[in-house]
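Novice: This is the structure I want to talk about, given as structure tokens.
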Amino acid sequence: MSAIVVTGTDTGIGKTVFSAGLVQVLKASYWKPVQAGLQEETDSQVVARLSGQPVLPEGYRLQLAASPHLAAEAEGAEIDPAILSLPDHAGPLVVEGAGGLMVPLNRTCLYLD
């Protein structure tokens, strides 16, 4: 089965709860390529708690709760899109984006790319 990508236009609009529901219904695994903001419960932790299903490690875990490119820059890093290729995984996979499709991952690449 191909991956299902969940995206939305902003933070706090329900992507994570919706992803948890999909993960549970499909008996899928979950992957958040970029987690920006580690001060509270992360999206991966929420999905694991709500769904009881496997969660794959994030590609990037960034401290600052901001757009991925800004959060990475605050840590002196740049997100490499090559690291964010879909992981090899047997079975269904739900992938949650960081914000919407037009969110910048770095100064030259959008999530959509």
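Novice: Could you work out which residue, out of S19, S85, S67, moves most in a Gaussian network model of the chain, that is, has the largest mean-square fluctuation with Cα springs under 10 Å?
Specialist: S85
Novice: Let me ask something else. In Å, what is the Rg of the alpha-carbon atoms in the range 35-80, and how long is Dmax?
Specialist: 11.6, 35
Novice: Round to a whole number: what % of the accessible area of the range 1-52 belongs to carbon and sulfur, probe 1.4 Å?
Specialist: Details: 1510 of 2780 Å².
Of all accessible area on the range 1-52, carbon and sulfur atoms account for 54 percent.
Novice: Could you give the dipole magnitude of the range 33-90 about its Cα centre, charging the beta-carbon of Lys and Arg +1 and that of Asp and Glu -1, in debye to the nearest 20? Spell out each step's value before the answer.
Specialist: Values: 2 positive and 9 negative charges, 41 e Å.
Rounded to the nearest 20 debye, it is 200 debye.
Novice: How much area per residue is accessible in the chain when the probe is 1.4 Å and only protein heavy atoms are counted (Å²)?
Specialist: Spelled out: the 1.4 Å probe surface of the chain, per residue, equals 54 Å².
Novice: Mind ranking 96-102, 27-33, 8-14 by how tightly packed they are, going by the mean number of other C-beta atoms within 10 angstrom, highest first?
Specialist: Descending packing order for the listed peptides: 27-33, 96-102, 8-14.
Novice: Now for a different question. Connecting C-alpha atoms closer than 10 Å in a GNM of the chain, tell me which of A20, A77, A48 has the biggest fluctuation.
Specialist: The residue that fluctuates most here is A77.
Novice: Compute the projected area of the convex hull of the Cα atoms of the range 1-70, averaged over all viewing directions, and report it in nm² to one decimal place. List each step's numbers first, then the result.
Specialist: On the way: hull surface 18.8 nm².
Result: 4.7 nm².
Novice: Go through the range 55-71 residue by residue and turn each phi into a ³J(HN,Hα) via Karplus (6.51, -1.76, 1.60, θ = phi - 60°); whole Hz please, and just put x for glycine and proline.
Specialist: For the range 55-71, the Karplus-derived couplings read 10, 7, x, 5, x, 9, 10, 10, 5, 6, 7, 7, 3, x, 5, 6, 5 Hz, x marking Gly and Pro.
Novice: May I ask you to list the GluC sites (Glu not before Pro) in the range 47-77 that are in a DSSP loop and have at most 14 other Cβ atoms within 10 Å of their Cβ?
Specialist: E75
Novice: What is the chain's relative contact order, in percent, from Cα pairs under 8 angstrom and six or more apart in sequence?
Specialist: Computed value for the chain: 36 percent relative contact order.
The values are calculated or read from the model by the stated rules, or taken from the named source; none is laboratory data. Since the structure is predicted, the reported quantities are computational estimates derived from the model, not experimental observations. Every residue, glycine among them, receives a Cβ derived from its backbone with ideal geometry; neighbour counts consider all protein chains shown. Note: areas computed on protein heavy atoms with side chains; ligands, DNA, RNA excluded. Shrake-Rupley method; radii C 1.70, N 1.55, O 1.52, S 1.80 Å.
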